[in-house]
Amino acid sequence: MGIFDKFKNETKKIKIDGEEVTIRRLTNKEANEVQEILLSDASSKEIENGEVKVSVGKLREVQLLAVSYALVEPKMSRDDLESLPEGSFDLISKIYEAVQNWDKPKK
């Protein structure tokens, strides 16, 4: 693979509400799946203008999927995440943000 070796098995430890979790980058296939769901209801014009409006339900669906792919430790499936109490969604959202902002420097 050569040039792509730096991406293989790349993980990151992050702190979420005082607890450490390990995440990994999404694969191209996983990222495409997430984007397809996110943009499935958007018109070409909305996408072109960068003004895509996403329902809360669709956003939650995308977050659950992306986090289930990205979590290394603790490893949790989408079903595991969906079965957690509603109050856990704030944590899922924070993990999703960390996955989405992988290369952005911390503030």
Starting from the stretch 66-90, keep only residues that are closer than 19 Å to Leu38 by Cα and in contact (Cβ under 8 Å) with a residue 24 or more places away in the chain, then list their pairs with residues that are basic (Lys, Arg) and surrounded by 13 or more Cβ atoms within 10 Å (Cβ to Cβ) whose Cβ atoms are within a distance under 6 Å, requiring at least 6 positions of separation or different chains. Ala70/Arg24
When you go through (1) surrounded by 10 or more Cβ atoms within 10 Å (Cβ to Cβ); (2) at pLDDT 90 or above; (3) over 14 Å from the mean Cα position of the chain (by Cα); (4) more than 21 Å from Asp103 (Cα to Cα) one by one for Lys15, which number turns out not to apply? (4)
Could you grab me the full set of residues in the stretch 83-96 that are exposed (fewer than 13 other Cβ atoms within 10 Å of the Cβ) and in a helix (DSSP H, G or I)? Glu86, Gly87, Ser88, Asp90
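The values are calculated or read from the model by the stated rules, or taken from the named source; none is laboratory data. Predicted model, so just to flag it, every value in this text is computed and none were measured. Cβ atoms come from the backbone with ideal geometry, glycine included; neighbour counts cover every protein chain shown.
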